[in-house]
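Enquirer: I'd like to ask you about the structure that follows.
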Amino acid sequence: MNYLTDIDAPPFWPDPARRPRRVVVGMSGGVDSAFAAWSLARAGAEVIGIHFKMGDFGPAAAGVARCCSWEDARDARRVADLLGVPLYVVSVADAFEREVIMPFARAYASGLTPNPCIVCNPAVKWRELIKKAQEIGADAVSTGHHCRVIRDPGSGRPRLLRGRYEGKDQSYFLARLSLDQLQWAVLPAGWFMKDVIRAALRDAGIPIALKPESQDVCFTGQGGYAAAVERYLGTAPPPGEIVDAGGNVLGRHPGIHHFTIGQRKGLDLPGPRPHYVTAIDAALNRVVVGGEEDIFCREAVARDLHWLQDPPAPGEACQVKVRYQAAPANARVVMEGPRLRILFDHPQRAVTPGQAAVVYRGDEVRGGGIIAREGGSD
């Protein structure tokens, strides 16, 4: 069975007239990066594999697959050997701790809920992949991300699109790449459905074709986010009060780093209705709770804006993802100086400060920012 559409002219080249001669591929040890390396080699590119050692984070939680494990390093080597491509293991542990882990821990301890992968891609992985590509004279960089890159026919500018497999689209994670970084990108996995990718690797004799997806952040370990925050900061944020919207004390919490907006577990509050976290007041060290209806909102503000295309016109209709697992929500956006106000067509659940808000027009990523506490500096 021919699992690839027109393998002699694969669809994933951003500029079909100028195919890369040599491509540096970030080989994580997972299915999608293996497919990237295999499909690029099959299409005639010289593939150079890079596996990043992010650090030693101990075992994952029981039953949870986690990226950047020693098993991933082993699987990346197995795939490279089967494909006959070189694989270099590069330690980025210092940069990863400095650029990703420590900012994550400090933000979490201040009541925010950042997404570390949003930061890691431009600040560590893609920066280092492009650095290696420049050192060896490569023409392009590839990863296993499920998104697509094309060239604008008029300007030649790269455009970032959702992956064709809607359930796996990862354009959210690459939305903060710079245009210079995106210029290097060739992303084969984004052009194919996941079952096609697995079937193609299986038929090619690649043994990880059925490997499970990673489900957890690499550095959290068995104790989850709260334990990771305490481990990296060397201290535990103090306990404090759980209050309702009127400031009435309902209970105590063990530290605000145990909570995020919309959370229900761990509150241990009596009452006839479930309680949900509606806000985290870091200044007063309080967790604010309410009913489920209180975790929906009609608008949000984003800061630290980053655009891959021109910012939307005032009031322009678009779609916005407020977390990776959220469905794109119809909205209108308005620039307010250095901030972006997002006006959702319908109330959205648990819009969380610290997460990225990524703005789309159709399949294309326009850009976005980091969700802020309303009226605050976050």
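Enquirer: For the chain, just the Cα atoms, rotate onto the principal axes and tell me the three extents in Å, largest first.
Expert: Projected onto its principal axes, the Cα set of the chain covers 67, 47, 39 Å.
Enquirer: Measuring from centroid to centroid over Cα atoms, what is the spacing of the stretch 295-371 and the stretch 234-275 in Å?
Expert: Here the answer is 28 Å between Cα centres.
Enquirer: Relative contact order (percent) for the stretch 78-184, with alpha-carbon contacts under 8 angstrom and 6 or more residues of separation?
Expert: Rounded, it is 22 percent for the stretch 78-184.
Enquirer: Quick one: how many lysine pairs does the chain have with C-alpha atoms less than 21 Å apart and a gap of 8 or more or different chains? Give me the count, please.
Expert: Close lysine pairs found across the chain: 9.
Enquirer: Let me ask something else. State which helices in the chain qualify, where a helix is a whole DSSP H run, it must extend 18 Å or more along its own axis by its Cα atoms, and its mean Kyte-Doolittle hydropathy must be at least -1.0.
Expert: 70-83
Enquirer: Compare the peptides 327-338, 291-302 by average per-residue count of other Cβ atoms within 10 angstrom and give them in order, highest first.
Expert: 291-302, 327-338
Enquirer: Using the per-residue mean of other Cβ atoms lying within 10 Å as a proxy for protection, in what order, highest first, do the peptides 24-37, 268-281 fall?
Expert: In descending order of packing, they fall as 24-37, 268-281.
Enquirer: Can you give me the relative contact order of the stretch 297-371 as a percent, contacts being Cα pairs under 8 Å and 6 or more apart?
Expert: The value is 42 percent.
Enquirer: Rounded to the nearest 500, what is the 222 nm mean residue ellipticity of the chain from helices alone, with -39500 (n - 2.57) per DSSP H run of 4+ residues and division by all residues?
Expert: After summing the helix terms and dividing by the residues of the chain, the value is -5500 deg cm²/dmol.
Enquirer: Moving on. For the stretch 238-290, just the Cα atoms, rotate onto the principal axes and tell me the three extents in Å, largest first.
Expert: 29, 21, 15
Quick note: the coordinates plus some simple rules give every number you see, no bench work behind them. Computed from a predicted model, the values in this text were never measured in an experiment. Note that each Cβ is placed from the backbone with ideal geometry, even for glycine, and that neighbours are counted across all protein chains shown.
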